[in-house]
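Asks: Structure provided below as structure tokens; questions to follow.
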Amino acid sequence: MGMIALIIFVVFVLYIVLAYNRLITLRNRIKNAWAQIDVQLKRRYDLIPNLVETVKGYAKHEREVFEKVTEARARAIGAASVKDQGQAENQLTGALKTLFAVAESYPELKANQNFMMLQEELAGTEGKIAYARQFYNDNVMQYNILREKFPTNIIAGMFNFVPQDMFEITVPAEREAVKVKFD
Amino acid sequence: MTTLPEWVTPNRAIIAILVLFLFVPLLVLLAPATTNIYEQMSWNRRKSFALCAFFVILIFILALLFEEVAPGARIIALPLAIIFATLGPLVGYYNSDKIILKMSAARPATREEHLFLQNTVEGLAIAAGIPTPKLYVIEDTAPNAFATGRNPEHGVIAVTTGLLQKLNRREIEGVLAHEMSHIKNYDTLLGSLAVVLVGVVALLSDWMLRNFWRTSRGRRRAGRSGGRGGQAQAIVLVLAIIMAILAPIIAQLLRLAVSRRRELLADAHGAFLTRYPDGLASALEKLDADTEPLEVANKSTAHLYIVNPLREHAGLLNNLFSTHPSTRERIAALRAM
């Protein structure tokens, strides 16, 4: 009788340890995923001054656009909360769109090797930001599901595992734009 | 105690036992793949181990069969078998990626030259949560791609220049996502091991068969001293030849059974990574419509590619031996997502 009780107790403790470790793993994965987003955002901020300088070389008079981009970049870098940063990021994306629209009217600039490379890098980095956010959300979802599932929810409650927020993805226009038609 | 018949020699008894043992890894290899991506990883690792076991047993069977055909050959055949059985899996595990890249005449892609490709692979690696695979390019106008590498840390994706020219960006991204899932699932480990191990078995059987013909012809000439012993000898010889013919075929069929289902799974997971199944679907449509065979691909590497690079005609036999599920089936599955 005592033996059975002991076995049940050991299994019970083992289960708690495993569930706790699983939660910890997932929580750290979320942290890591969040850091990934930051890495890509920083990369984007780093590319912008170069881009502005390159465009300036060909389109000196578009001072207004440059200021807008620089300002939006500074605001995004200095954003205190995630929400602020999201807003600043949207503003920055808008400003960059104007910059590229302006560049359209300078054929020499468009043919510039450096400009083309920066444009490609920027597009690539934006893609990576989107993927990093997607990865973050996937991890948050996994964590939240485990946290809410019975019986892990009891353990999550005992050790104060709080729910994590998903990143609200503002769907990039390009995701819908390309639709290849076949007849 | 009844004495065993004359033709039951220790050598033949061991062969019989080994053939029975062959079924253990065979069953593991032929067990249906799961549809769960997380289980898929451990399945692939288990199957890779089973493939190595299968290879080792097969090598020893071949060595002992050789002894039947040429008595006394054991002195050379067995040490050779031990060397092959040790080196095969080791080389397969550590060097298959390099061998495959060399066979496919792939060269490393530079960042400057393929900026879009590099950025997309980096992005997809982030989405999949694995290290960025190395990128290789094959100079060939036939559009195709494959992945190799024993684990995600050593992942490699190779694409042909034809793929880069004929597909648009969304489609290329879909193809890369498909390859990324192969790497994440450890499909590349099993697929690459198969290239090396099946290749070795095929080579050895080929070489043995050629020797069999020579020795059997020599023996027939040497003497027609019939009798029961001679008859049994002849039967064993025939069996040995059948085995030598069968070995590469079994190995080939095995590889197919292993590779077909995982194409569908990689499609599904690739679509999950990009969240855009239509990209991969329209890529597959273009790849399917292209009829140009890929020069650098051959029977031993065909199963690695996203679509069959050999462009064989559909038919009952080709269907049975096909390394890929029908592309139409795959497109339909993606369009339905």
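Only the coordinates and a few stated rules stand behind these numbers; no lab work does. All of these numbers come straight from a predicted model, not from anything done at the bench. Note: ideal-geometry Cβ built from the backbone for every residue, glycine included; neighbour counts use all protein chains shown.
Asks: Need the full-extension length gain, B:Leu27 to B:Asp288, defined as separation in residues times 0.36 nm minus the C-alpha distance. One decimal, nm.
Replies: 90.7 nm
Asks: Now, a different point. In terms of Cα to Cα distance under 20 Å, which lysines are near enough to A:Lys60, apart from those fewer than 8 places away along the same chain?
Replies: Within reach: A:Lys68, A:Lys97, A:Lys110.
Asks: Follow-up. What's the longest piece of chain A with no exposed trypsin sites (Lys or Arg not before Pro), counting a site as exposed if DSSP puts it in a loop and it has at most 14 other beta carbons within 10 Å?
Replies: A:61-148
Asks: Starting from the 7 Å offset along Cα-to-Cβ, what nm value, one decimal, do you get for the label separation of A:Phe9 and B:Glu329?
Replies: 5.6 nm
Asks: Which entries of A:Lys42/B:Lys184; A:Lys42/A:Lys83; B:Lys47/B:Lys299; A:Lys56/B:Lys166 have Cα-Cα distances beyond 25 Å here?
Replies: Exceeds cut-off: A:Lys42/B:Lys184; A:Lys56/B:Lys166.
Asks: How large is the Kirkwood hydrodynamic radius of segment B:42-108, counting all unique pairs of alpha carbons, in Å?
Replies: That comes to 13.6 Å for segment B:42-108.
Asks: On to the next question. May I ask for log10 I(q)/I(0) of segment B:41-194 at q = 0.14, 0.15, 0.17 Å⁻¹, from a Debye sum over the Cα atoms as equal point scatterers with solvent left out?
Replies: One equal scatterer on each Cα of segment B:41-194 leads to -0.72, -0.79, -0.92.
Asks: Please sort by residue number the trypsin sites (Lys or Arg not before Pro) in segment B:102-187 whose DSSP state is loop and whose Cβ has at most 15 other Cβ atoms within 10 Å.
Replies: Sparse-neighbourhood loop trypsin sites (Lys or Arg not before Pro): B:Arg111.
Asks: Can you give the longest run of chain A that contains no GluC sites (Glu not before Pro) sitting in a DSSP loop with at most 10 other Cβ atoms inside 10 Å?
Replies: A:1-103
Asks: OK, next. So what are the ³J(HN,Hα) numbers for segment A:88-95, from phi and the Karplus equation (6.51, -1.76, 1.60; θ = phi - 60°), rounded to whole Hz, Gly and Pro as x?
Replies: Rounded to whole hertz, the list is 4, 4, 4, 4, 4, 4, x, 4.
Asks: Here's something else I'd like to know. Where does helix A:113-148 land angle-wise versus the long Cα axis of chain A, in degrees 0 to 90, nearest 10?
Replies: 20 degrees
Asks: Still on this structure: Taking the alpha-carbon set of the protein assembly as shown, what are its Rg and Dmax in Å?
Replies: Every Cα atom of the protein assembly as shown included, Rg and Dmax give 29.6, 108 Å.
Asks: Return the sequence-ordered ³J(HN,Hα) values of segment B:137-148 in whole Hz as given by the Karplus equation 6.51 cos²θ - 1.76 cosθ + 1.60 applied to θ = phi - 60°, using x for Gly and Pro.
Replies: After applying 6.51 cos²θ - 1.76 cosθ + 1.60, I find 10, 10, 6, 7, 7, 6, x, 6, 7, 8, 10, 8 Hz.
Asks: Still on this model: Under a Cβ-only charge scheme (Lys and Arg +1, Asp and Glu -1), can you give me the dipole magnitude of the protein assembly as shown about the Cα centre, in debye to the nearest 20?
Replies: Taking the Cα centre of the protein assembly as shown as origin, the dipole is about 1900 debye.
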